[in-house]
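This report refers to the structure that appears directly beneath it.
The values are calculated or read from the model by the stated rules, or taken from the named source; none is laboratory data. Keep in mind the model is a prediction, meaning the values are calculated, not measured. No Cβ is skipped: glycine too gets one built from the backbone with ideal geometry, and neighbour counts run over all protein chains shown. These area figures cover heavy atoms from the full protein model, side chains too; ligands, DNA and RNA do not enter into them. Shrake-Rupley method; radii C 1.70, N 1.55, O 1.52, S 1.80 Å.
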Amino acid sequence: MHQMLWKEHYKIGVETIDRQHQELFQITESLLTAVTQGAGAAVYEQSLAFLTRYVVEHFRDEEAYQSAIHYSGLPLHREDHAQFTRAIHAYAQRWEDSGHDPAVMKNLSGMTTAWLIYHVISADRNIVAPAAPAAETPHYDRCVEVFAASALDVLGMMAGLDRSQMQIHSATPYIPTGALYITIELVGDRPGTAVFAFSRAFALQLVCAMTMMEMQELDGIVQSALCEIANICCGNGTTTLAAMGIACDIRPPVVSETLDCDHNGVGLHLDTPMGWLEIALLMADTRQQLLP
């Protein structure tokens, strides 16, 4: 069966894992199709049960393979799997608690699509082809530049956007503009809020590039996919900060159509062939915008 979501370059070269990945993508694509066509509760129940069961089986087999080849990244990989499994179970509980609200399935399908694509092309690929260390650590003057660099890497992997196709402009002070905002609270040495402001065109085309499905509205599928992408970008950003000796953690993403800036902020405006995206950090203490 032809799949729109699966792409040949997602293969990592291990037959069993690649086959299971294709099946996971097929399950996710079936769920996406179901929610876009307004399927009934029975179809959702079947997809959710299949996804919940298959994720456990696949993660078990993938971790067994990593253990057999003595993969050094297994502990972090196992934790990624555990977090995603908990997220799936949380959605299953929300589905029951909501009285089988289809909106829950829209959110689940968007989140699963974004997580699965990034996990396969990033973490899973490193099992057989570890990323070469950077020749030189990039120099950043401000924290927002770390999160923007992370976003550029993620968008390149997930949507094929080339950095040479993007133009970046600084926006200080940051004045919110966007059709959709994803905010993520930062805690630790750099408390504040990370903001991802998406233009309508960029939001729709980004999710379309991942799913190969035409998106017309900023609905639950699009919103949850963008939340997961912002979550990935922030997670990678805080990892980079940790390497600089700055302890920082993130809270779950929140989506909204408006944004009130309670704190001073600096932002970066990214123009791409798909549209534009703004990334900003809002902090009460503007001195913490700067890096050591």
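If you go through the range 56-63 one residue at a time, do you hit one that is within 22 Å of residue 212 (Cα to Cα) and charged (D, E, K, R)? Taking every residue of the range 56-63 in turn, none turns out to be within 22 Å of residue 212 (Cα to Cα) and charged (D, E, K, R).
Taking residues in the range 181-209 that are touching a residue at least 40 places away in the same chain (Cβ under 8 Å) and of a type in the set (Gly, Ala, Ser), and partners anywhere that are open to solvent by less than 10 Å² (accessible area, probe 1.4 Å) and not in a strand (DSSP E or B), the pairs with Cβ atoms closer than 7 Å and at least 6 places apart or on different chains are 194/147; 194/234; 203/222; 203/226. Within the set 203, 280, the sole residue that is closer than 19 Å to residue 111 by Cα and open to solvent by less than 50 Å² (accessible area, probe 1.4 Å) turns out to be 203. Exactly one residue among 196, 202 is within 30 Å of residue 38 (Cβ to Cβ), touching a helix residue (DSSP H, G or I) at 6+ places or on another chain (Cβ under 7 Å) and at pLDDT 95 or above, and that residue is 196. If you check 35, 55, 43 for being without any contact (Cβ under 8 Å) to a residue 40 or more places away in the chain and open to solvent by less than 20 Å² (accessible area, probe 1.4 Å), only one passes: 55.
Set side by side, the residues 208, 234, 227, 248 differ, and just one is open to solvent by less than 60 Å² (accessible area, probe 1.4 Å) and over 26 Å from residue 274 (Cα atoms), which is 248.
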